[in-house]
Amino acid sequence: MATGALGAALLDKENVGLAKPLDGKAGLGAKRPLDGGVAGGDAKQRKSALQPLSANVVAGGSAGAASAGPLSAPCQPVAMGPPPPRAAASGRAPSGVEAAPAARERSTSGAAAAPRRWQLTDFDIGKPLGRGKFGNVYLARERKSKYIVALKVLFKNQLQQSNVEHQLRREIEIQSHLRHPNILRLYGYFYDATRVYLILEYAARGELYKELQRAGSFDEGRTATYIASLAKALIYCHSKHVIHRDIKPENLLLGLNGELKIADFGWSVHAPNSRRKTLCGTLDYLPPEMVEGSYHDAAVDVWSLGVLCYEFLYGQPPFEAAGHSETYKRILRVDLKFPASPERSDGVKHLIRKLLVKNPKERMPLEQVLQHPWILANADPAVLQRAT
């Protein structure tokens, strides 16, 4: 596909995504400039066409979010296990985020109760944490274990109107099966007549993108630690035949101890055959094979890791340009330039060059990223020594 034609199709859109975006308009999406600043206390973000189902799980309410009643005790992360596993439940709940009547299902014989299923009465609902296109995120506490979680409430009618039910099912299926310290846990879900509820791990230190905006850029030690953490998480995902396809700062959260967590699997796919052709993700992070409309595989995540490393160090993505068409051209040429300021080491520039290679087969494997001299010299040893 010619870059000019593709660039024209992206005008006045915010995200790269489906052939029919969620707003129902024709054409694909585009990018959001990094220097968007802060409005009303919330940073502007490059959002994928599929609104994150597990993003914005952060401390503090979003601007303009309706206030919710406080919990009976302060919501602080506690050292205990996740809420006990239960099955997804249907049933009905009154309008608004209020408690639903308790309900237990019994076996056909009526002799014994079936496993207890999640419902809204199992949680104390706290302050709102964020708003999305399809619903809101609330701080919550599971009543029995007192475990703190983030509860995302999605409205069925909005999901149906945008025709993304299948993407929600896919995201739940993928994320609920992933167990890695650098991947946000999806503990479970339940639903009623009008809403779907996702029970998510609470990332106490919030969005990495906002931290990057505040800092402008990260030093090499912090960047190396984040890249090593992500490399381990992506190695794990790829071992499960999961391709993420939308690695970027907005999709990363920070846990209580500052550990990085991948939080949005809206564009991820389980692809045992490893060859896909869907154009998805965010413009600045698209690899050349997606721009060209060619088949892609797990190597798209390797490219995104290189773009992310560059953005961490310089505060902007490497191929950013004034227009969408020019950005596409720079990606296809791999027009990689390193600013003189801030000054960065030759070691990290070497790593970035090895990740941002046009031919997917020639990109540095993630296992070799963890053995790169710059990573070994700068990343937190505790992260490098961790088994996974």
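Values in this text are rule-based calculations from the coordinates and carry no lab data. For clarity, every value in this text was computed on a predicted model and none was experimentally measured. Cβ sites come from the backbone with ideal geometry, for glycine too, and all protein chains shown count toward neighbours.
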field: Estimated vicinal HN-Hα couplings, Hz - the range 231-243 in sequence order (Karplus 6.51, -1.76, 1.60; Gly, Pro = x)
entry: 4, 5, 5, 6, 4, 4, 4, 5, 5, 9, 6, 9, 9
- request: Give me the net charge of K232's neighbourhood, meaning all other residues with Cβ under 15 Å from the Cβ of K232; Lys, Arg count +1, Asp, Glu -1.
  value: 0
task: Please give the contour-minus-distance gain from K133 to K361: 0.36 nm per residue of separation, less the Cα-Cα distance, rounded to one decimal in nm.
output: 78.4 nm
task: Tell me the label-point distance for the pair Q368, R386, using the 7 Å Cα-to-Cβ offset, in nm and rounded to one decimal.
output: 2.5 nm
query: Along the positive direction of the dipole of the range 206-385 (beta-carbon charges: Lys, Arg +1; Asp, Glu -1; about the Cα centre), which of W267, L252, A379 reaches farthest?
result: W267
field: Sequence-separation-based contact order of the range 206-385, relative, with Cα cut under 8 Å and 6+ spacing, percent
entry: 28 percent
message: Test of the criteria: in the range 178-222, which trypsin sites (Lys or Arg not before Pro) are in a DSSP loop and have at most 13 other Cβ atoms within 10 angstrom of their Cβ?
response: R179
query: Among Y226, Y147, what is the fewest-to-most ranking by other Cβ atoms within 10 Å?
result: Y147, Y226
task: State the answer as a single residue: which of V300, Y310, P342 lies farthest towards the positive end of the charge dipole of the range 282-346, with beta carbon charges of +1 for Lys and Arg and -1 for Asp and Glu, about the Cα centre.
output: P342
task: May I ask you to sort S239, S145, S268 by Cβ crowding, counting other Cβ atoms within 10 Å and putting the fewest first?
output: S239, S145, S268
query: Using modelled amide H (1.01 Å from N, peptide plane; none on Pro or chain starts), what sits under 5 Å from the amide H of Y147, excluding residues fewer than 5 places away?
result: E142
message: Rounded to the nearest 20 debye, what is the charge dipole size of the range 206-385 about its Cα centre when +1 sits on each Lys and Arg Cβ and -1 on each Asp and Glu Cβ?
response: 460 debye
- line: Here the FRET efficiency for R116 versus N257, based on Cβ atoms and R0 = 30 Å and rounded to 0.05, is 0.40
field: Proxy reagent accessibility, fewest Cβ within 10 Å first, across R141, R116, R333
entry: R333, R116, R141
- prompt: Where Lys and Arg each count +1 and Asp and Glu each count -1, what net charge lies around E343 among other residues with Cβ under 12 Å from its Cβ?
  reply: -1
query: Taking 0.36 nm per residue of separation and subtracting the Cα-Cα distance, what length does fully extending R143 through A377 add?
result: 79.7 nm
- request: Go ahead and collect, in residue order, the members of the range 187-231 whose backbone nitrogen is under 12 Å from a label point 7 Å along the Cα-Cβ direction of Q158.
  value: 195-196
